[in-house]
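Quick notes on the structure that follows.
Please treat every number below as a calculation from the coordinates, not as lab data. Model, not experiment: these values are computed from the prediction. Every residue, glycine as well, gets a Cβ built from its backbone with ideal geometry; the counts of neighbours run over all protein chains shown.
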């Protein structure tokens, strides 16, 4: 399983940074005050732009559910492959 780096910022904080930029705060100033790179800002904007906090939380829940289902599907395929190799 791959380790995904956990952000030190929650969805509420990320959306707050994005809202500050929408309100007119210069992106470089927002990045400096939050101590993150402009690349991180643009990645967040691509993922969370225009979202409300509740929508971002729901997106996180859906991502976790999707990962769980993908894992279950992979296990089912492994089981099928093992059975095929045993039976013929």
Selection count where residues are free of Cβ contacts under 8 Å to residues at least 24 places away in the same chain and either outside any helix (DSSP H, G or I) or loosely packed, with under 11 Cβ neighbours inside 10 Å (or both), scope the range 29-44: 3
Test: residue in the range 54-66 that is in contact (Cβ under 8 Å) with a residue 12 or more places away in the chain, out of contact with any strand residue (DSSP E or B) (no Cβ under 7 Å at 6 or more places or on another chain), closer than 12 Å to residue 14 by Cα and surrounded by 10 or more Cβ atoms within 10 Å (Cβ to Cβ): yes
